[in-house]
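Note sheet for the following structure.
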Amino acid sequence: MNKKILIKIFIFFLILFTPPFYLNCFEKALAAVHFEDSTVISKGVLIQAYPVKTISTAALNEGDFVYFIVPSDLWGYEVNILPKNTRLRGYVEMLKMPIKGINAAMVIKITEAIQPDGTIRKMDAVVTHNGSTQIGGNLTPPASYNKTVHPRRGMYWKSAGVLQYVPSGDYEIGIHVTLPTNEAVFIMLNEDYDCMQNEISKDEMFKG
(Lines give C-alpha, C1' and ligand atoms only; values in the text may rest on other atoms or scores of the structure.)
Protein backbone atom coordinates (compact mmCIF):
# COMPACT_ATOMS: atom_id res chain seq x y z
CA MET A 1 0.00 0.00 0.00
CA ASN A 2 1.16 3.55 -0.68
CA LYS A 3 3.21 5.08 2.17
CA LYS A 4 1.11 8.25 2.17
CA ILE A 5 -2.11 6.28 2.63
CA LEU A 6 -0.66 4.19 5.47
CA ILE A 7 0.57 7.26 7.34
CA LYS A 8 -2.78 9.04 6.91
CA ILE A 9 -4.67 5.95 8.17
CA PHE A 10 -2.37 5.72 11.19
CA ILE A 11 -2.87 9.39 12.08
CA PHE A 12 -6.65 9.09 11.55
CA PHE A 13 -6.97 6.26 14.11
CA LEU A 14 -4.53 8.00 16.44
CA ILE A 15 -6.73 11.09 16.48
CA LEU A 16 -9.94 9.00 16.66
CA PHE A 17 -8.91 7.36 19.95
CA THR A 18 -7.14 10.35 21.46
CA PRO A 19 -8.73 12.02 24.51
CA PRO A 20 -10.18 15.49 23.76
CA PHE A 21 -7.55 17.11 25.97
CA TYR A 22 -4.79 16.12 23.50
CA LEU A 23 -6.82 16.36 20.31
CA ASN A 24 -5.89 19.96 19.59
CA CYS A 25 -2.19 19.11 19.80
CA PHE A 26 -2.56 16.29 17.28
CA GLU A 27 -4.53 18.51 14.90
CA LYS A 28 -1.78 21.09 14.95
CA ALA A 29 0.85 18.41 14.34
CA LEU A 30 -1.15 16.99 11.45
CA ALA A 31 -1.49 20.44 9.90
CA ALA A 32 2.29 20.79 9.97
CA VAL A 33 2.86 17.53 8.08
CA HIS A 34 3.37 17.85 4.31
CA PHE A 35 3.01 14.73 2.21
CA GLU A 36 4.87 16.20 -0.72
CA ASP A 37 7.55 14.51 -2.79
CA SER A 38 10.76 16.43 -3.39
CA THR A 39 13.02 16.30 -6.42
CA VAL A 40 15.66 18.59 -4.88
CA ILE A 41 18.69 18.01 -2.66
CA SER A 42 19.41 21.31 -0.99
CA LYS A 43 22.61 23.32 -1.14
CA GLY A 44 25.01 22.37 1.66
CA VAL A 45 23.83 18.75 1.96
CA LEU A 46 26.61 16.14 2.21
CA ILE A 47 26.34 13.08 -0.03
CA GLN A 48 28.40 10.01 0.88
CA ALA A 49 30.40 8.52 -2.00
CA TYR A 50 33.43 6.32 -2.70
CA PRO A 51 36.19 6.75 -5.31
CA VAL A 52 35.66 4.48 -8.33
CA LYS A 53 39.45 4.13 -8.59
CA THR A 54 42.21 5.00 -6.15
CA ILE A 55 42.87 8.74 -6.30
CA SER A 56 46.40 9.95 -5.52
CA THR A 57 48.22 13.25 -5.85
CA ALA A 58 51.19 11.20 -7.10
CA ALA A 59 49.35 10.22 -10.29
CA LEU A 60 47.20 13.26 -11.06
CA ASN A 61 47.49 16.67 -12.67
CA GLU A 62 45.24 19.68 -12.38
CA GLY A 63 42.26 19.23 -14.71
CA ASP A 64 42.30 15.41 -14.61
CA PHE A 65 38.87 13.78 -14.28
CA VAL A 66 37.96 11.55 -11.35
CA TYR A 67 34.82 9.57 -10.52
CA PHE A 68 32.95 8.69 -7.35
CA ILE A 69 30.05 6.28 -6.82
CA VAL A 70 27.01 6.76 -4.57
CA PRO A 71 26.52 3.59 -2.44
CA SER A 72 22.80 3.93 -1.69
CA ASP A 73 19.60 5.58 -2.89
CA LEU A 74 18.95 9.14 -1.74
CA TRP A 75 15.21 9.73 -1.42
CA GLY A 76 13.04 12.82 -1.28
CA TYR A 77 10.08 11.10 0.42
CA GLU A 78 8.94 8.84 -2.46
CA VAL A 79 11.19 10.26 -5.18
CA ASN A 80 14.55 8.57 -5.72
CA ILE A 81 16.53 11.76 -6.33
CA LEU A 82 19.96 10.14 -6.54
CA PRO A 83 19.78 6.38 -7.28
CA LYS A 84 22.27 3.88 -5.92
CA ASN A 85 25.36 3.47 -8.17
CA THR A 86 25.04 6.98 -9.58
CA ARG A 87 28.51 8.13 -10.65
CA LEU A 88 29.67 11.62 -9.79
CA ARG A 89 32.15 13.07 -12.27
CA GLY A 90 34.59 15.72 -11.21
CA TYR A 91 38.02 17.15 -11.87
CA VAL A 92 41.10 18.18 -9.92
CA GLU A 93 40.73 21.93 -9.52
CA MET A 94 43.86 22.46 -7.41
CA LEU A 95 46.89 20.25 -6.87
CA LYS A 96 49.95 20.90 -4.70
CA MET A 97 52.93 18.57 -4.50
CA PRO A 98 54.44 17.62 -1.12
CA ILE A 99 57.19 19.87 0.18
CA LYS A 100 59.26 20.06 3.32
CA GLY A 101 56.86 20.49 6.21
CA ILE A 102 53.60 20.09 4.26
CA ASN A 103 51.88 17.06 2.70
CA ALA A 104 50.44 17.13 -0.80
CA ALA A 105 46.97 18.63 -1.23
CA MET A 106 44.17 18.77 -3.78
CA VAL A 107 40.69 20.16 -4.31
CA ILE A 108 38.17 18.16 -6.37
CA LYS A 109 35.05 19.75 -7.85
CA ILE A 110 32.05 17.69 -8.98
CA THR A 111 30.31 18.79 -12.18
CA GLU A 112 27.96 15.95 -13.24
CA ALA A 113 25.86 13.12 -11.86
CA ILE A 114 25.59 10.10 -14.18
CA GLN A 115 22.66 7.90 -13.18
CA PRO A 116 22.58 4.11 -13.78
CA ASP A 117 20.03 4.58 -16.60
CA GLY A 118 22.50 6.85 -18.43
CA THR A 119 20.82 10.15 -17.57
CA ILE A 120 23.37 12.91 -16.99
CA ARG A 121 22.63 16.02 -14.98
CA LYS A 122 24.73 18.98 -13.97
CA MET A 123 25.88 19.11 -10.35
CA ASP A 124 27.83 21.86 -8.60
CA ALA A 125 29.64 20.33 -5.63
CA VAL A 126 33.01 19.81 -3.97
CA VAL A 127 34.61 16.76 -2.37
CA THR A 128 35.20 17.08 1.37
CA HIS A 129 37.53 14.94 3.44
CA ASN A 130 37.90 15.06 7.22
CA GLY A 131 35.64 18.10 7.29
CA SER A 132 37.62 20.18 4.78
CA THR A 133 37.21 20.96 1.09
CA GLN A 134 40.98 20.62 0.76
CA ILE A 135 42.15 17.03 0.74
CA GLY A 136 45.53 16.77 2.47
CA GLY A 137 47.84 19.74 3.05
CA ASN A 138 48.56 18.79 6.67
CA LEU A 139 51.80 19.73 8.43
CA THR A 140 54.41 16.99 8.74
CA PRO A 141 56.01 15.94 12.04
CA PRO A 142 59.29 17.57 13.15
CA ALA A 143 62.38 15.90 11.71
CA SER A 144 64.35 16.35 14.91
CA TYR A 145 64.11 17.69 18.46
CA ASN A 146 66.44 19.69 20.68
CA LYS A 147 66.96 19.23 24.40
CA THR A 148 66.19 22.22 26.54
CA VAL A 149 65.96 22.82 30.28
CA HIS A 150 62.99 24.70 31.67
CA PRO A 151 63.37 26.02 35.22
CA ARG A 152 60.71 25.13 37.73
CA ARG A 153 59.64 27.64 40.34
CA GLY A 154 58.30 26.91 43.81
CA MET A 155 59.48 26.13 47.29
CA TYR A 156 60.45 22.56 46.37
CA TRP A 157 62.07 23.41 43.00
CA LYS A 158 64.55 26.18 43.87
CA SER A 159 67.48 24.73 41.97
CA ALA A 160 65.81 22.12 39.79
CA GLY A 161 64.91 22.23 36.14
CA VAL A 162 62.94 20.05 33.75
CA LEU A 163 64.59 18.56 30.69
CA GLN A 164 62.26 18.66 27.67
CA TYR A 165 62.47 17.95 23.98
CA VAL A 166 61.24 20.70 21.64
CA PRO A 167 61.03 20.75 17.81
CA SER A 168 64.27 21.92 16.24
CA GLY A 169 62.44 23.82 13.49
CA ASP A 170 63.36 21.23 10.86
CA TYR A 171 60.39 19.24 9.50
CA GLU A 172 60.03 16.01 7.51
CA ILE A 173 59.37 15.98 3.78
CA GLY A 174 55.63 15.78 3.01
CA ILE A 175 53.98 12.73 1.50
CA HIS A 176 51.39 12.23 -1.25
CA VAL A 177 47.70 12.01 -0.40
CA THR A 178 45.70 8.95 -1.45
CA LEU A 179 41.97 8.20 -1.41
CA PRO A 180 41.49 4.41 -1.69
CA THR A 181 38.29 2.92 -3.11
CA ASN A 182 37.15 1.76 0.34
CA GLU A 183 37.38 5.20 1.95
CA ALA A 184 34.19 7.24 2.11
CA VAL A 185 34.20 10.92 1.26
CA PHE A 186 31.37 13.44 1.42
CA ILE A 187 30.29 15.52 -1.55
CA MET A 188 29.02 18.93 -0.45
CA LEU A 189 26.56 20.64 -2.78
CA ASN A 190 27.40 24.25 -3.67
CA GLU A 191 23.98 24.64 -5.31
CA ASP A 192 20.63 22.80 -5.14
CA TYR A 193 20.53 19.59 -7.17
CA ASP A 194 17.21 18.87 -8.94
CA CYS A 195 16.72 15.41 -10.44
CA MET A 196 14.19 16.88 -12.90
CA GLN A 197 16.35 19.74 -14.17
CA ASN A 198 19.68 20.42 -15.91
CA GLU A 199 19.85 17.23 -17.99
CA ILE A 200 22.73 17.24 -20.51
CA SER A 201 24.04 14.88 -23.20
CA LYS A 202 27.36 13.02 -23.25
CA ASP A 203 28.65 15.42 -25.88
CA GLU A 204 27.83 18.39 -23.69
CA MET A 205 29.48 16.72 -20.70
CA PHE A 206 32.75 16.07 -22.49
CA LYS A 207 32.75 19.51 -24.10
CA GLY A 208 32.60 21.03 -20.63
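The values are calculated or read from the model by the stated rules, or taken from the named source; none is laboratory data. Since the structure is predicted, the reported quantities are computational estimates derived from the model, not experimental observations. Virtual Cβ from ideal backbone geometry, glycine too; neighbours counted across all protein chains shown.
In region 42-82, which residues are β-branched (V, I, T), surrounded by fewer than 19 Cβ atoms within 10 Å (Cβ to Cβ), under 19 Å from E112 (Cβ atoms) and modelled with pLDDT of 95 or more?
Of everything in region 42-82, those that are β-branched (V, I, T), surrounded by fewer than 19 Cβ atoms within 10 Å (Cβ to Cβ), under 19 Å from E112 (Cβ atoms) and modelled with pLDDT of 95 or more turn out to be V52, I69.
Find the residue count for region 91-106, including only residues that are free of Cβ contacts under 8 Å to residues at least 60 places away in the same chain and either crowded, with 21+ Cβ neighbours inside 10 Å or aromatic (F, W, Y) (or both).
Of the residues in region 91-106, 1 are free of Cβ contacts under 8 Å to residues at least 60 places away in the same chain and either crowded, with 21+ Cβ neighbours inside 10 Å or aromatic (F, W, Y) (or both).
So, in region 83-103, how many residues would count as being at pLDDT below 95 and among the aliphatic types (A, V, I, L, M)?
2
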